[in-house]
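> One structure follows; several queries about it will come next.
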Amino acid sequence: MEILINFVKIVTVFSLLMLCVSIMTWVERRLSAIIQYRLGPNRVGPWGLLQPIADGVKFIQKQDIIPAEAHKLFYVLAPALAVVPALCAFAVIPFGPTVEIFGTKVPFVILDLDGGLLWAFAATGLGVYALVLAGWSSNSKFSLIGGLRSSAQMISYELPMALSVASVVLVSGTLRPTQIVEQQAGSFLHWNIFGGGFQLLGFILFTVAGYAETNRTPFDLPEAEGELVAGYHTEYSGMRFAAFFMAEYINMMTSSALGITLFLGGWQLGLPTRWLPEPGWVLWGAQILAFVLKMAFFQFLYVWVRWTLPRFRYDQLMNLGWKGLLPLSLANLAVTAILVAYDLVGH
Amino acid sequence: MELIAFFVLALLLVASALVVITNRNPVTCAVALAFNLVAIAGVYMVLDAQFIGLLQVIVYAGAIMVLILFVIMLLNLREEEKPHPAGTFQRVLAPAASLLFAVVIGRALFLSAPSSFPEKADGFGTAASIGNELFMRFYYPFEAISLLLVVAMIGAVLLAKRDVS
């Protein structure tokens, strides 16, 4: 029974993530068009909504090119190495409360691990290999520079990200995402970003580092079109190219889901408990919807930022990471540690 | 179930370790080593040491090996064309070290029996239990190690900065 429930959960989350990826490719282009006072893709289906399907068909039909001097094994392996860790990381995200279906308690999370946050970090940490290996195995100077940049960038920004998460862990005293969400029940003032942990600075640091970790503008130096053609995936075509895109969008969703879980109450509605209806499908549905809406807002933010800010220069990127975010996150951690030690915050 | 997982992991471990020492392409070796480190994390998981297993992936596979790969790519190392000739030093030391290793493993295999392992305590392998051990029982060694790491870090910065002044 448990295996069956887990299987259903995995299949559902996987297909929903993939569906969101295809919707996001449409949203990204339509929103960017609106921001730049254009129309964007609007020919395939109503409002161009079928554009992702047309893209998928196109990607499958394209010739799969492997450069003559490429290292075949790693060249073929790299796209898979990008998608798999991205999907794995999402497994620990609680996307709803524990519900009761025909008397069985079903928690809305795939993997309820004691070290769940570490799991997410381990998976995203392994995602770097895809970019590095894609860059190296293509045997092209643009790809190689893109791969080198990505490894340096992701290692640098993992530090402020991990330190801002560590502050939340100090406040909540657990590494288990489901527990962190449950602690933030009640009014939205109890969320970790506000009264729950005073982690406003931590949240900002986490979000900025998250943009760098997912290689999104203003931190998209590994693919910087202006100078590197397309960076680490210059030589890729067809579905392999699409796999890198999928990984990027899944990583965006994982990163924002992690931010929501840690700082913004996860699936909590943010209303005082006495205003909520009795536990039942009305409440559970509303809570899952709250999670989805929070996710949608952060996806919108990703697109908004991408089409608003210009790209950093490489030295600016490193300066921001090591001289800006890292000291700030260390200070945040130290202040939080003092507050927790004197019982001023904490659950 | 655990036994099957262990044997699959052991096979992957030995195979990837062999690739690390026999392959002539430095990038392949580095990736095989990373794979090896992830497989070791899998062995930790089988042993219920969840926290250590996840840290193994984050620290070794996710950070250290990426930096090693970074350096290999930066130096643009090519495939070795012929094997390095072994010096007399290696000719003498390698068999001696292998023999010592075999003796240690053999002794461990003969002396250990399933009953000689204690039952695992409640909450074994969780972050909380490791934190308690680390900051209660092993507090002074832990602080000593962190001091050592700071010293090493300062030393590295000093060495790198020497030419500038």
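> When the residues of the range A:283-311 are narrowed to those that are of a type in the set (A, V, I, L, M) and within 27 Å of residue A:220 (Cα to Cα), which ends up surrounded by the most Cβ atoms within 10 Å (Cβ to Cβ)?
Our first condition is that a residue be of a type in the set (A, V, I, L, M); within the range A:283-311, this holds for A:283, A:286, A:288-290, A:292-293, A:295-296, A:301, A:303, A:305, A:309.
Applying the additional criterion that residues be within 27 Å of residue A:220 (Cα to Cα) yields A:292-293, A:295-296, A:301, A:303, A:305, A:309.
On the way: A:292: 15, A:293: 10, A:295: 19, A:296: 14, A:301: 14, A:303: 21, A:305: 15, A:309: 13.
So, considering only residues that are of a type in the set (A, V, I, L, M) and within 27 Å of residue A:220 (Cα to Cα), the one surrounded by the most Cβ atoms within 10 Å (Cβ to Cβ) is A:303.
> Separate question: Could you please tell me which pairs satisfy a Cβ distance under 8 Å, a separation of 6+ or placement on different chains, a first residue in the range A:95-107 that is under 16 Å from residue A:287 (Cα atoms), and a second residue that is part of a strand (DSSP E or B) and among the hydroxyl-bearing types (Ser, Thr, Tyr)?
Pairs found: A:106/A:98; A:107/A:98.
Here's the yes/no breakdown for (1) in a strand (DSSP E or B); (2) within 11 Å of chain B (Cβ to nearest Cβ); (3) within 21 Å of residue A:288 (Cβ to Cβ):
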site	(1), (2), (3)
A:91	no, no, yes
A:95	no, no, yes
A:109	no, no, yes
A:118	no, yes, no
A:127	no, yes, no
A:134	no, no, no
A:143	no, yes, no
A:147	no, yes, no
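> Here's a follow-up. Would you call residue B:28 more than 14 Å from the chain's Cα centre (by Cα), more than 9 Å from chain A (Cβ to nearest Cβ) and β-branched (Val, Ile, Thr)?
No, not satisfied.
> Any chance you could count how many residues in the range A:20-73 are among the aromatic types (Phe, Trp, Tyr) and not in a helix (DSSP H, G or I)?
1
> Given the conditions (1) surrounded by 23 or more Cβ atoms within 10 Å (Cβ to Cβ); (2) at pLDDT below 90, report the number of the one that residue A:255 does not fulfil.
(2)
> In this structure, does residue A:79 turn out to be in contact with a His (Cβ under 9 Å, 6 or more places away or on another chain), outside any loop (DSSP other than H, G, I, E, B) and either free of Cβ contacts under 8 Å to residues at least 24 places away in the same chain or surrounded by 17 or more Cβ atoms within 10 Å (Cβ to Cβ) (or both)?
Working: in contact with a His (Cβ under 9 Å, 6 or more places away or on another chain): yes; outside any loop (DSSP other than H, G, I, E, B): yes; either free of Cβ contacts under 8 Å to residues at least 24 places away in the same chain or surrounded by 17 or more Cβ atoms within 10 Å (Cβ to Cβ) (or both): yes.
Considered against the rule, which asks whether it is in contact with a His (Cβ under 9 Å, 6 or more places away or on another chain), outside any loop (DSSP other than H, G, I, E, B) and either free of Cβ contacts under 8 Å to residues at least 24 places away in the same chain or surrounded by 17 or more Cβ atoms within 10 Å (Cβ to Cβ) (or both), residue A:79 comes out as yes.
> Now, a different point. Go through the range A:97-107 and count every residue that is surrounded by 14 or more Cβ atoms within 10 Å (Cβ to Cβ) and in a loop (DSSP other than H, G, I, E, B). Spell out how you get there, then give the answer.
Going residue by residue through the range A:97-107, those that are surrounded by 14 or more Cβ atoms within 10 Å (Cβ to Cβ) are A:97-99, A:106-107.
Retained after the next criterion (residues that are in a loop (DSSP other than H, G, I, E, B)): A:97.
Adding up the residues that qualify gives 1.
> Now, a different point. Considering only residues of the range A:311-347 that are more than 21 Å from the chain's Cα centre (by Cα) and part of a loop (DSSP other than H, G, I, E, B), which is modelled with the highest pLDDT?
Checked the range A:311-347; the qualifying residue modelled with the highest pLDDT is A:342.
> Every residue in the range A:32-46 that is exposed (fewer than 14 other Cβ atoms within 10 Å of the Cβ) and farther than 21 Å from residue A:217 by Cβ, please.
Filtering the range A:32-46 down to residues exposed (fewer than 14 other Cβ atoms within 10 Å of the Cβ) leaves A:34, A:36-39, A:43, A:46.
Selection gives A:39, A:43, A:46.
> Right, here's the next one. Checking residue A:62 against (1) more than 22 Å from residue A:160 (Cβ to Cβ); (2) within 14 Å of chain B (Cβ to nearest Cβ), which test does it fail?
Among (1) more than 22 Å from residue A:160 (Cβ to Cβ); (2) within 14 Å of chain B (Cβ to nearest Cβ), residue A:62 violates only (2).
> Residue A:323 is checked against (1) in contact with a helix residue (DSSP H, G or I) (Cβ under 9 Å, 6 or more places away or on another chain); (2) within 30 Å of residue A:154 (Cβ to Cβ) and fails just one. What number does that condition carry?
For residue A:323, the failing item is (1).
> Within the range B:4-19, is even one residue part of a helix (DSSP H, G or I), crowded, with 17+ Cβ neighbours inside 10 Å and at the interface with chain A (Cβ under 8 Å from one of its Cβ atoms)?
Taking every residue of the range B:4-19 in turn, none turns out to be part of a helix (DSSP H, G or I), crowded, with 17+ Cβ neighbours inside 10 Å and at the interface with chain A (Cβ under 8 Å from one of its Cβ atoms).
> Can you tell me which of (1) away from every other protein chain (no Cβ under 12 Å); (2) more than 19 Å from the chain's Cα centre (by Cα); (3) outside any helix (DSSP H, G or I); (4) within 30 Å of residue A:9 (Cβ to Cβ) is the one residue A:114 doesn't meet?
(1)
> Show the residue pairs that are 6+ apart or on different chains and have beta-carbon atoms under 6 Å apart, the first residue being within the range B:33-54 and more than 12 Å from every other protein chain (Cβ to nearest Cβ), the second being small (Gly, Ala, Ser).
Hits for this filter: B:36/B:16; B:36/B:17; B:46/B:5.
Here's the yes/no breakdown for (1) at pLDDT below 90; (2) under 25 Å from the mean Cα position of the chain (by Cα); (3) under 30 Å from residue A:137 (Cα atoms); (4) assigned to a loop (DSSP other than H, G, I, E, B):
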| site | (1), (2), (3), (4) |
| --- | --- |
| B:100 | no, yes, no, no |
| B:103 | no, yes, no, no |
| B:128 | yes, yes, no, no |
| B:131 | yes, yes, no, no |
| B:148 | no, yes, no, no |
| B:165 | yes, no, no, yes |
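> Quick test of your reading of the structure: residue A:72 fulfils all but one of (1) within 12 Å of chain B (Cβ to nearest Cβ); (2) farther than 21 Å from residue B:55 by Cα; (3) modelled with pLDDT of 85 or more. Name the failing condition by number.
Looking at each condition in turn, residue A:72 falls short on (3).
The values are calculated or read from the model by the stated rules, or taken from the named source; none is laboratory data. Predicted model only: the values in this text are computed from it and were never measured. As a convention, Cβ positions derive from the backbone with ideal geometry for all residues, glycine included, and neighbour counts pool all protein chains shown.
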